[in-house]
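Peer 1: Handing you a structure now.
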Amino acid sequence: MKKRDPLKGTGKKPKGSKRRLYTDENPKDTVRIKFATMKDARATVRKVKRVRKSYARKIQILTVGEQRARVMGKKTVASIFKAGKASLRRANNAKKNKTKKTRPKTRKSRR
């Protein structure tokens with residue numbers, strides 16, 4: 001009897017399954033990226049900035065776009081993704097600094 005493919009992602013490919021590595025286990029969670037033209041790249045960066053994902057996930061998405069564009073020889077498109085990552089980093093660092101300023105200072109205990 002052949003084992004059925006699991007519905008949820010388990011991180012493993014079932015033996016005998018035709019499924020390949022890097023299949024999309026949860027397509028609802030996917031953020032689609034386009035990098036054919038500069039206009040597509042700008043639209044993708046805008047979309048990634050407004051999507052509700054963690055900071056690390058957003059950086060990861062933009063890195064994928066940048067790497068794919070660079071491999072295809074589209075340096076200007078890759079630079080758009082790189083600038084988008086820099087913008088996200090600046091915003092994240094500003095948020096971190098704001099949190100540090102508003103956090104109450106605690107005394108260091110002596111031992």
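Peer 1: How many residues, within region 1-46, are part of a helix (DSSP H, G or I) and either surrounded by 10 or more Cβ atoms within 10 Å (Cβ to Cβ) or at pLDDT below 65 (or both)? Before you say what the answer is, go through the steps one by one.
Peer 2: Going residue by residue through region 1-46, those that are part of a helix (DSSP H, G or I) are 27-29, 38-46.
From the residues that got through so far, the ones that are either surrounded by 10 or more Cβ atoms within 10 Å (Cβ to Cβ) or at pLDDT below 65 (or both) too are 38-46.
Of the residues in region 1-46, 9 are part of a helix (DSSP H, G or I) and either surrounded by 10 or more Cβ atoms within 10 Å (Cβ to Cβ) or at pLDDT below 65 (or both).
Peer 1: Related question: Please find, within region 69-111, the residue that is surrounded by the most Cβ atoms within 10 Å (Cβ to Cβ) out of those that are in contact with a helix residue (DSSP H, G or I) (Cβ under 9 Å, 6 or more places away or on another chain) and of a type in the set (Ser, Thr, Tyr).
Peer 2: Among residues in region 69-111 that are in contact with a helix residue (DSSP H, G or I) (Cβ under 9 Å, 6 or more places away or on another chain) and of a type in the set (Ser, Thr, Tyr), the one surrounded by the most Cβ atoms within 10 Å (Cβ to Cβ) is Ser79.
Peer 1: Which is in contact with a Ser or Thr (Cβ under 8 Å, 6 or more places away or on another chain), at pLDDT 90 or above, surrounded by 12 or more Cβ atoms within 10 Å (Cβ to Cβ) and not in a loop (DSSP other than H, G, I, E, B), of Lys49, Lys58?
Peer 2: Numbers: Lys58 fails: in contact with a Ser or Thr (Cβ under 8 Å, 6 or more places away or on another chain).
Lys49 is the lone residue from the list that is in contact with a Ser or Thr (Cβ under 8 Å, 6 or more places away or on another chain), at pLDDT 90 or above, surrounded by 12 or more Cβ atoms within 10 Å (Cβ to Cβ) and not in a loop (DSSP other than H, G, I, E, B).
The values are calculated or read from the model by the stated rules, or taken from the named source; none is laboratory data. As the structure is a prediction and not an experimental result, all values here were calculated from the model. A quick note on method: Cβ atoms are made from the backbone with ideal geometry, for glycine too, and the neighbour counts reach across all protein chains shown.
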